[in-house]
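The values are calculated or read from the model by the stated rules, or taken from the named source; none is laboratory data. Everything numeric here is computed off the predicted structure, so don't read it as measured data. Remember, those area values only see protein heavy atoms, side chains included, never the ligands or the DNA or RNA. Shrake-Rupley method; radii C 1.70, N 1.55, O 1.52, S 1.80 Å.
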Amino acid sequence: MARTELVALARRRGRADSPRDNRVGPLFLTDRELAALKLAAQREGLDVGAFAALAAVSVAEQQLTIVPLDRRQEMAELVQTRVVLNRIGNNLNQVARALNSGDEAPEADAVLQLVGRAIRRVEAAADQIAKSRSRA
């Protein structure tokens with residue numbers, strides 16, 4: 001199971017709106033929660049108890065971070081932006097090589113300013129997400 005799927009499964013639950021009639025070890029689950037847990041465990045080839053234990057220990061050991069569902073889209077966008085910025089970095093390295101070999105690249109300064117601004121915006125967004133998470 002992908003860590004992001006496990007994150008969605010392991011999201012924080014509030015007070016139960018419906019009875020938790022299903023028990024897995026010390027956990028009491030609703031029918032919907034048990035069905036989701038069984039499906040996830042099956043995808044991993046584990047029994048339900050082993051999967052629940054793995055998820056709990058992964059969170060406890062900080063190998064897995066619980067991300068509220070409303071933040072998943074923001075995180076996905078940041079990850080995608082990082083990929084794009086890495087590609088831009090590779091292109092800038094090619095521009096630097098060209099400049100170092102004596103070729104001209106008149107647009108290099110403007111591109112560097114735009115990239116710098118984009119990086120600062122991504123860093124600010126990541127900081128904002130981290131701060132809002134620490135307050136939760």
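Taking amide H positions as modeled 1.01 Å from N, with prolines and chain starts lacking one, the residues under 5 Å from residue 29 and 5 or more places away or on another chain are 21, 22, 23, 24. Ligands, DNA and RNA excluded, the heavy atoms of residue 112 present near 90 Å² of accessible surface to a 1.4 Å solvent probe. Across the stretch 33-136, C-alpha contacts under 8 Å between residues 6 or more apart give a mean separation that, scaled by the residue count, equals a relative contact order of 15 percent.
I'm a student and want to see the number: the projected area of the Cα convex hull of the stretch 50-134, averaged over all directions, in nm².
7.9 nm²
Residue 109 exposes around 110 Å² of accessible area when a 1.4 Å probe is run over every protein chain in place. Taking all protein chains as shown and a probe of 1.4 angstrom, residue 33 keeps an accessible surface of around 30 Å².
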